[in-house]
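Here the structure comes first, spelled out in structure tokens, and everything after it is commentary.
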Amino acid sequence: MNKQISQVGVAALVLIAALIVGTTYWQTWANAGLADRQDNAIRLVAQFSIKRGKIYASDGTLLAANVTKHVGGQTLYFRRYPTGPIFSDVVGYSTQSRNQTGLERSYNDYLTGSNANLDTVFHATLDRLKGSTVQGNNVYLTLRPGAQALALRELRGKCGAVVAMNPSTGAVYVLASSPPYNPNLIEKHYQQALRSGGKCGALLNRATAGKYQPGSSFKVVTATAALNSGRFTPDSTFYDPGYCEEYGKQVRNAGNPEAPETFGNVTLSTGLVHSINSVFCNIGKAIGAGLIIDYMKRYGFYKLPPLETPENERAASGLYDRHGRLFDPRHPETQVDPGRLAFGQERLQVTPLQMAMVAATVANNGLEVQPYLVQRVVSPHAREINSMMQLVVTGGTGTAAQISGVPVAGKTGTAETGVGDIYTAWFIAFAPADHPKVAVAVVVENQPGGFGGKVSAPIAKDVMEALLR
Amino acid sequence: MGALTVVGFASVYIARQSVVSTASLTYAAIFFGVFLVAHFVARATVPFADPYLLPIAGLLSALGVTEIYRLSPDSAFRQGFWIIAGVVLFAGVLFLLRYDYRRIESYKYLFGLTAIGLLALPILPVVGQTVNGSRLWVHAGGLQFQPGELAKIMLIVFLAGYLREKREVLAQGRLKDFGPLLVIWGMAILVLLETRDLGGGLLYFGIFLAMLFVATGRLAFVAIGLVLFLVGSLGVWKVTPHVQERVTDWRHPWTSHPVYCPSAPGHLALRQNCQSYQIVQSMYSIAHGGYTGTGLGRGTVTTLGGSELIPYAKTDFIFSVIAQEVGLVGTAAFLLVYMVFVLRGIRIALLAQDGFSKLLALGLTFAFALQAFIIVGGILRIIPLTGITLPFVSYGGSSVVANFVLLAGLLLVSNRANREALR
């Protein structure tokens, strides 16, 4: 009988050995795949047992803090946003039911101490070995709470965005999107947070992902292309009959659509100051759409602006086709209407962040400013555009942006929405114009009869004042 | 022997320290005392018995009670009570049968019939109770009891006695000699089908085949048995929705589209959020352990909302929690401890002098190994999952008590074999 006993014994041992093999499989080969799965409750708990790093504004204002809760013998950390809606779209949120958005998402590796930085790795490993709570890195932002709050206050009840930045370093001071939402409501009152935006809809960061027709504010880009082409100077003269002829049709100047302004003989400079469409229409026809698009790219159009927020919360500016796709024409001369493009119409869609970058680039003597140290030469003629943009504020369409004692350079934009007398109002500016410290872009949606100079310029003025003070 | 008990004691002590404070020492001391008593009883009654088995049982129970304490302190207290009850019964069996356990062989039919009776108890109205789709529980006077655990040992005694007596005849393979065997066995299987205890069915059938093979030496019986089992399983699978569910969860625990959720009728959900939630979270738990584990008492056993991460973690799924907390290194060591237990048991069967003792020791050992395989293999998705306890570790009074009786049986056989060898 002993022979059979040995055989059954071997079989029994094989069964237990199979268990060891099985355990090895799940704990080594299968382990990484399982750890990443969305329904893994342990992963969620692990995420919330890390003491997430705090987020601060430039003046030390706490934007994202932690609340401690004890669940099942474990200490969990949940997010709390002391400033409520003011930084909602930039900072975003980190919750269990809705995952993450904003910097909470893109900086998750830093905030949870899981980035590959050697120092962080060392400390996180030490924390784990000691069994103490893993602490994330704190993140300090360039945003200025005073100006940010001011921008949102002035946008209250409207849909729009304000972006302000330091034109020489690229540090963003204001990134305000209206309507904002209260990130503290996301976890348990998501529908309420969603509804708080009214008809505009909250939860869209308009400053970086809102796409608008730029209107005349785009003329700054056209002027750059014009001066750099060598075919125009600020003093080049044009005759303005009140319209521009394209493909045999009259394209009237903006301003008052009822009675188009007619300026007669003007210079390019005057054309920018008074935002005369026919001047730019003729420039566009002369230099061609290809060159304008070329300069758009130098200003950063056609790619995602380099900001630290998640990629899907930013949009590229440029021409868009009917299907909402970015359209980079292979044969611009036949595919794009150069006249309309030149004064900011055609199929142009731009983000407030992109337009702030345009203003900042001019302010920075043509050196495009980007976070992450990448600087590229865009235009050596920035000084001339700078002075023309100053004239816009001293005696043109943007007089509402004047700050006493500080020279301001700006450009208005009023884009038609296709609905009667309703416009998208733009203003891009920088100040002080001689030594720029701040560049700003303001967009306000759906303004009945409202032009950029009337609606957006005062907001830009207040924000710049607050930042310069 | 002392050294291993201390290891068991230390494991409780250390883990307790990380969870709570002074009460832990008292707990550990009592636990240590209980096993010291068990040790002395064994020394007095079966002085020649295998010295490894009792410490291993102590170690496994210590780990079990530690993890149960971690999951639910109240249950650990009750488990402690059951361990004491198990040790008392252990001492009782050793004391009663210390001179010659072989006299129970003459009561083999009584054992067999009692086993069937015990198995049938849960089917009876009033006392029977259905828990999680299986009718396994007897409810009497506020106490719940799973009679199947004790029936398992009684069936082994019956099979050992019967097969010892009839092995030569059976080996010839004449059908009429199988009569009584098939009757008892068939009844057991019928009862199991009625109670829908699939793990139990597999366990009894495995024990039966192993013992039959050892007694007759005919591999063909095993082959025929396995074929019959496969055919039977297919039949059961065809007609029982409960079984179909288990097999589906085993093969496809995750779905990307919502499926009909039988546990919440009329409800559509991803299977991992519905019927396979338990096995899926258990896999996450095991995987989370990695090579070295999170450390005893430091694993994640609750969800963000504070509910139990794996439903029934302390009974059927205690292995998943252990695997998470001690990692691959610890789990392999843990399973090796089971292997050592099995090795010692096989050794006892080899050394035993008479057929009844050999069959008894082998049956008990194989039952122990197969039970561990059925539950852990189910958790590791080697086989479909069936609810059954992990010997000495899982929470459950009937299981703990039955395992101590199993241990007493092995020690008795071992004592006699070693004594004979010395003579």
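The relative contact order of the stretch A:224-316 comes to 25 percent, based on Cα pairs under 8 Å that sit 6 or more residues apart. Note on the stretch A:139-265: with charges restricted to the Cβ of Lys and Arg (+1) and Asp and Glu (-1), its dipole about the Cα centre is near 680 debye.
Only one residue of A:413, B:87, A:218 has its Cα farthest out toward the positive end of the dipole of the protein assembly as shown, where Lys and Arg carry +1 and Asp and Glu -1 on Cβ, and that residue is B:87.
Computed from the C-beta positions of residue A:249 and residue A:422, the FRET efficiency with R₀ = 22 Å rounds to 0.40.
Apply 1/(1 + (r/R0)^6) to the Cβ-Cβ distance of residue B:329 and residue A:311, taking R0 = 51 Å, and write down the FRET efficiency to the nearest 0.05. With R0 = 51 Å, the Cβ-Cβ based efficiency is 0.80.
Close amide H pairs (under 5 Å, H built 1.01 Å from N) link residue A:56 with A:63, A:139, A:140, A:141, residues at least 5 positions away or on another chain.
The magnitude of the dipole of chain B, with charges of +1 and -1 set on the Cβ of Lys/Arg and Asp/Glu and taken from the Cα centre, is near 700 debye. Computed over chain B, relative contact order equals 23 percent, with contacts defined as Cα pairs under 8 Å that lie 6+ residues apart. For chain A, the fraction of alpha-carbon pairs lying more than 45 Å apart is 24 percent, rounded to a whole number. FRET efficiency for the residue B:176 to residue B:260 pair, using the beta carbon distance and R₀ = 45 Å, is estimated at 0.35.
Farthest towards the positive end of the charge dipole of the protein assembly as shown, among the residues A:18, B:287, B:409, is the Cα of B:409, using unit charges on the Cβ of Lys, Arg, Asp and Glu. For the Cα atoms of chain A, what angle does the longest principal axis make with the long axis of helix A:277-287, in degrees from 0 to 90, nearest 10? Tilt relative to chain A: about 80 degrees.
Helical content of chain A, expressed as a calculated mean residue ellipticity at 222 nm, amounts to -10500 deg cm²/dmol (DSSP H runs of 4 or more residues, -39,500 (n - 2.57) each, divided by residue number, nearest 500). Listed from fewest to most Cβ neighbours within 10 Å, the set A:158, B:176 follows the order B:176, A:158. Taken about its Cα centre, the protein assembly as shown carries a charge dipole of roughly 2340 debye when the Cβ of each Lys and Arg holds +1 and the Cβ of each Asp and Glu holds -1. Amide H to amide H, which residues 5 or more places from residue B:383 or on other chains are under 5 Å from it, using H placed in the peptide plane? Here the answer is B:378, since their amide H atoms fall under 5 Å of that of residue B:383. Close amide H partners of residue A:417, meaning residues 5 or more places away or on another chain with modelled amide H under 5 Å apart, are A:422, A:424. Computed from phi, the 3J(HN,Hα) profile of the stretch A:345-356 under the Karplus parametrisation 6.51, -1.76, 1.60 (θ = phi - 60°) reads 9, 6, 10, 5, 9, 10, 9, x, 4, 4, 5, 5 Hz, with x in place of Gly and Pro.
Only helices reaching 20 angstrom along their own axis (Cα) with mean Kyte-Doolittle hydropathy no lower than 0.0 count here, and for the DSSP H runs of chain B these are B:2-19, B:22-45, B:53-71, B:73-96, B:148-171, B:179-195, B:198-216, B:219-239, B:318-351, B:355-379, B:397-422.
Kirkwood analysis of chain B, using all unique Cα-Cα pairs, places the hydrodynamic radius at 22.4 Å.
When only alpha carbons are used to place a centre, the stretch A:20-45 and the stretch B:264-334 end up 10 Å from one another. Separation of the stretch B:339-410 and the stretch A:291-306, taken as the distance between their Cα centroids, equals 74 angstrom.
Toward the positive end of the charge dipole of the protein assembly as shown, with +1 on the Cβ of Lys and Arg and -1 on the Cβ of Asp and Glu, the farthest Cα among B:206, A:191, B:47 is that of B:47. Phi angles across the stretch A:167-184 convert, under the Karplus curve 6.51 cos²θ - 1.76 cosθ + 1.60 with θ = phi - 60°, into 3J(HN,Hα) values of x, 8, 9, x, 5, 8, 8, 10, 9, 10, 10, 10, x, x, 9, 8, x, 6 Hz, Gly and Pro given as x. For chain B, the mean residue ellipticity at 222 nm estimated from helices alone is -23500 deg cm²/dmol, where every DSSP H run of n ≥ 4 contributes -39500 (n - 2.57) and the total is divided by all residues, rounded to the nearest 500.
For the stretch B:213-325, what is the relative contact order in percent, using Cα pairs closer than 8 Å and at least 6 residues apart in sequence? 17 percent. Of all the options B:242, B:39, B:257, the one that moves most in a Gaussian network model of chain B with Cα springs shorter than 10 angstrom is B:257.
Counting only alpha carbon atoms, the long axis of helix A:219-228 and the longest principal axis of chain A meet at about 70°.
Expressed as a whole number of Å, what is the distance separating the alpha-carbon centroids of the stretch B:213-232 and the stretch A:395-424? The stretch A:395-424 and the stretch B:213-232 have Cα centres spaced 92 Å from each other. The alpha-carbon atoms of the protein assembly as shown define a convex hull whose volume equals 199 cubic angstrom per residue. Extension gain for residue B:227-residue B:37 works out to 63.7 nm (0.36 nm per residue, less the C-alpha to C-alpha distance).
Computed from the coordinates by the stated procedures, all read-outs in this text should not be read as laboratory data. Worth saying up front: this structure is predicted, and the values here are computed from it rather than measured. Neighbour counts are summed over all protein chains in view; Cβ atoms, including those assigned to glycine, are modelled from backbone coordinates with ideal geometry.
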